[in-house]
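Below: the structure, in structure tokens.
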Amino acid sequence: MSSDKRSPLVVTIDGPAASGKSSTSQMVAARLDLRHLDSGMIYRTITHARLRGGEAPEQWTEQSVLHAARRVSVAPGATSFTPRLDGADCEAAIRGDAVTSTVSLVAKMPHVRAWVNALVRATAASHAIVVDGRDMGTAVFPDARLKVWLLALPQERARRRLVQRTGRAPTDAELAAETAELERRDLYDREQTQPAADAVWLDTTGMTQDEQVAKIVELALERR
Ligand code: C5P
């Protein structure tokens, strides 16, 4: 396959918000001795870069976001990649509410998507990776060795996210609010969040993380 010549091994893990893509991908990558690349992190870093420009998001043009994107890069670490803005690590800045509530706007811009996809492909040309996102198995790596579509019921995704954030079981009201927020993002991101026709579907609603990881590792080894 043509992309295999460029990428020694690419495993794609796509799915909706809070489906556990990043944590699962990180663990799968560690087990397979690959590096994990989080493509959402790149959209977040571009958003962070543009937010620092000061104008309200409604006034952002695609050109101005692209200009911000050109200041973004990713740096390989031992097991994953860290986001850089003007060469400086900015991991801590990209997970806050300001970025989370604006990133989908940036992700809708076609030239920005093309720019991110080119960066992800260039990264895969020199590193074997497990990459997670929304369209890694469709738009970016149609010939990936293994494509996984990870999903879970919205309420379960909301519960996991809240437990991760607060370290305790959520109240019914917290769960309802978080589920509504996830469903809003699902709707907004739905165009670019599509399973590849040849993806393996993994519904993780009733699975532990170890079970998910073991399943994906097994599938990847079968295809190696
Ligand atoms: O995965 P995460 O929630 O960090 O991604 C942030 C946002 O980036 C998503 O809500 C989505 O709008 C966008 N995204 C995307 N395509 C990807 C990865 C992320 O549109 N491959």
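Once Rg and the Kirkwood radius are both taken over the C-alpha atoms of the chain, their ratio Rg/Rh works out to 0.95. Think of the chain as a dipole: +1 on every Lys or Arg Cβ, -1 on every Asp or Glu Cβ, centred on the Cα centre; then among Thr208, Val148, Gly77, Gly77 lies furthest on the positive end.
Charge dipole of region 1-154 (Cα centre as origin; +1 on each Lys and Arg Cβ, -1 on each Asp and Glu Cβ, all else neutral): 260 debye, rounded to the nearest 20. Distance between the modelled labels on Ala176 and Glu91, one decimal in nanometres: 3.8 nm (7 Å Cα→Cβ projection).
Report the residues of region 46-87 in range of a label on Ser126: point 7 Å along Cα→C-beta, backbone N strictly under 19 Å from it. The answer is 70-87.
Which value in nm describes the separation of the simple spin-label points at Ala169 and Trp201, placed 7 Å from the Cα toward the beta carbon? With each label point 7 Å from Cα toward Cβ, the separation is 3.1 nm. Note on region 35-127: Cα Rg divided by 2.2 N^0.38 Å, N the number of residues, gives 1.01. In whole percents, the pair-distance distribution calculated for region 83-203 from its alpha-carbon pairs, binned every 10 Å from zero, is 11, 33, 38, 17, 1. With each label modelled as a point 7 angstrom along the Cα→C-beta vector, the Thr79-Arg223 pair spans 2.2 nm.
Every read-out reported here was derived from the displayed coordinates using simple, explicitly stated rules and does not represent laboratory data. These figures come from a predicted structure and were not determined experimentally. When we count neighbours, we look across all protein chains shown, and the Cβ atoms used for this are built from the backbone with ideal geometry, even at glycine.
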